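The values are calculated or read from the model by the stated rules, or taken from the named source; none is laboratory data. Fair warning: this is a prediction, and the values are worked out from it, not measured in the lab. Neighbour counts are summed over all protein chains in view; Cβ atoms, including those assigned to glycine, are modelled from backbone coordinates with ideal geometry.
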Amino acid sequence: MNDAVMRLDEVSFGYHPGEPVVERITADVPSGQLTAVIGPNAAGKTTLLKLMLGTLSPTRGAISLNGKKLRSVAAGDRAAMMSYVPQRSSANFAFTVEHVVAMGRFALPWHGQAMTDVMAACDLEKLRRKPFIELSAGQQQRVLLARAMCQATGDGRVMLLDEPTSAMDLRHVHQTMDRLMRLRDAGLAVVVVMHDLNLAARYADAVWLMQEGRLVAAGSWRDVLKPAVLEPVYGVKIEEMQGRRDGGTEGRSGEPGRPVFDARLAE
Amino acid sequence: MDETRTDVSPSPRPIPGASLKGEGAATRRDRVVLIALGALVLVVSVSRLWVGGWFGFGELGRSVLELRALELGMGLTVGASLAVGGTLLQALLRNPLASPYLLGVSSGAALGMMFNQWLLYIGAVGSIYIMGNQVAAVIGAMTSLGIVYVLSQKRGTIDPLGLLLVGVIVNAVNGAAIMFINYLSPRGLRGDMALWMMGYLDANTGWWTLVLVMLLTLTAICAAVWLGGAMDVATFSDAEAHSMGLNLHRLRLGVFSLAGLLTAGSVLLAGPIGFIGLICPHLVRMLLGPRHRLLVIGSAMAGAALIVGAEVIIKLADIGQGKMPVGAIMAIIGGPLFLWMLRPQLGRGGDA
């Protein structure tokens, strides 16, 4: 049931000795679930994502992907299994949207059908030949998601996303989350760093709550997304909107009782 | 239903980026541009052989033609290697303003050669001279590039801005060392060096060196074309390139070595010539887009055509009795041209 495609074992990382950015994180990344990584600014969320991606190596501890030590997985195999969506892309040259999406297949066999499907799914057909760097931030995020989806077609097991909807309009936020839920349903482990608690509350299966480099809570959304757990970490007054008649909203999977939060500064 | 995990039986994994596939393939427009560039190279080459008159097939005619062919070969090789060197460095630094000249690679090669000349003058070297300049140029270019490479490493990755800064400093130090050697040299040698530092296609270099550098350049260009897909991916952030399955470290080493060799070769033939490595990739990118496989081929042809074309103009207009160093002309034409190309970026703030 809970087959972990990725395992983090006592993972620590710091740029300078004595100043850990990520500290002793042990967690499993389950397949077929959407895991939201939440926490205040500078909690180490993005660093954790880069450790899982393998761009950074843990100063202590180990990460395994599909039962093998992450570092020992060949680049091509890793790319087939794991894809990544950054919050922003640092493109410097005017590649067209379709070039950028096609790059997802760089280390993998070409897959024309995946390309066509993904362009349609991410609403990119009209932008096909536009230079990526001339798009709005939200449009760029759609392209980056499409690239990762193109890459994940076939052998994809894990997708790591860093605030993938931060610049999107409302429709595309939910469209994107919907795409991610489908990936999840197809068996991928989807790990999303996000800031919007209500978005996490609406879509996440599992939630990792980070604070100052540590994983202070991890588990099902029911256990983590509670004012009592969130308040001390965020340092604000958080209220679950119980006063509403429906007592919350429905999750995408149709489960009722998903919370909606309101926050204000504590006096 | 299961849209994301369709088919794809595990097929043998191709060498990354080794084939033109999917959206990376050349369009009809790309082919037209490449053919046009090829035609341009042909036209300027024929003009270069022709300009200055025709002396028949006698003794005189043959030796004139041989000299022109030698200078033509040098021009083509130098132009192509500088343009491709610039393309490679720009991809690596994710910065369209990088070039072998700007990063101190050209001046490094020049310093190596000058140092070798000076050693020769003071009699410190003699018998090993046969390979002296070649080796010295390569050592100089690679040392400069090595210093730039090592000093700009940050946490195991290259910081593009830091690299540019280090490059500018290395360039300045090389320039100072060149002045130093220049001053220590006797007047005659100093004159030769000064001329050569302007970027001068010197026919005294001879066929043997030309063929050597030409082969090196062709090999390096082929390797650069082969690495084109990887360079495309490498223009995105480290994390993205890594996630797409690129071994950035290996690619950087490879591309750095190629850029260093190409620059050393060009300096060996013609001294340091600026702007080619900056302008050609830039111009060709406007025509062909940023995909490196096409860009490398296009830049090579544009660079070759630009140098030889400038030589033709020098001969035709009889600038400095037709012997004006092509490097001086390139700088005079190249500077304003580059400013014009930068126009859209100037005054646009730091968002580019």
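Give the residue that is nearest to the chain's Cα centre (by Cα), with candidates limited to residues of segment A:14-49 that are surrounded by fewer than 23 Cβ atoms within 10 Å (Cβ to Cβ) and under 23 Å from B:Leu246 (Cα atoms). Among those that are surrounded by fewer than 23 Cβ atoms within 10 Å (Cβ to Cβ) and under 23 Å from B:Leu246 (Cα atoms), it is A:Thr46. When the test is whether a residue is farther than 16 Å from A:Val29 by Cα, surrounded by fewer than 18 Cβ atoms within 10 Å (Cβ to Cβ) and of a type in the set (Lys, Arg), A:Arg171 passes it. Between B:Leu88, B:Leu145, the distinction of being surrounded by 24 or more Cβ atoms within 10 Å (Cβ to Cβ), out of contact with any Ser or Thr (no Cβ under 6 Å at 6 or more places or on another chain), modelled with pLDDT under 90 and closer than 26 Å to B:His282 by Cα belongs to B:Leu145 only.
The residues on offer are A:Arg157, A:Arg184, A:Arg128, and the sole one that is more than 9 Å from chain B (Cβ to nearest Cβ) and more than 15 Å from the chain's Cα centre (by Cα) is A:Arg128.
Answer with yes or no whether B:Asp238 is over 19 Å from B:Gly79 (Cα atoms), charged (D, E, K, R) and without any contact (Cβ under 8 Å) to a residue 24 or more places away in the chain. Spelling it out, it is not the case that B:Asp238 is over 19 Å from B:Gly79 (Cα atoms), charged (D, E, K, R) and without any contact (Cβ under 8 Å) to a residue 24 or more places away in the chain. Filtering segment A:7-28 to residues that are closer than 14 Å to A:Ala62 by Cβ and aliphatic (A, V, I, L, M) leaves A:Leu8, A:Val11, A:Val22, A:Ile25, A:Ala27. Can you tell me which residue is nearest to B:Gly132 (Cα to Cα) among those in segment B:236-284 that are touching a Gly at 6+ places or on another chain (Cβ under 6 Å) and within 14 Å of chain A (Cβ to nearest Cβ)? The selected residue is B:Pro281. Flag not set for A:Gly61, criterion: in contact with a strand residue (DSSP E or B) (Cβ under 6 Å, 6 or more places away or on another chain) and crowded, with 22+ Cβ neighbours inside 10 Å. Looking only at residues that are touching a residue at least 40 places away in the same chain (Cβ under 8 Å) and farther than 26 Å from A:Met6 by Cα in segment A:114-125, which one is farthest from the other protein chains (Cβ to nearest Cβ)? That would be A:Asp123.
Within this structure, B:Leu295 passes the test of being under 16 Å from the mean Cα position of the chain (by Cα) and either farther than 23 Å from A:Ala94 by Cα or at the interface with chain A (Cβ under 10 Å from one of its Cβ atoms) (or both). Within segment B:188-206, the set of residues being aliphatic (A, V, I, L, M) and either within 21 Å of B:Met330 (Cβ to Cβ) or not in a helix (DSSP H, G or I) (or both) comprises B:Met193, B:Ala194, B:Leu195, B:Met197, B:Met198, B:Leu201, B:Ala203.
Scan segment A:160-172 for residues that are touching a helix residue (DSSP H, G or I) at 6+ places or on another chain (Cβ under 7 Å) and outside any loop (DSSP other than H, G, I, E, B) and the total you get is 3.
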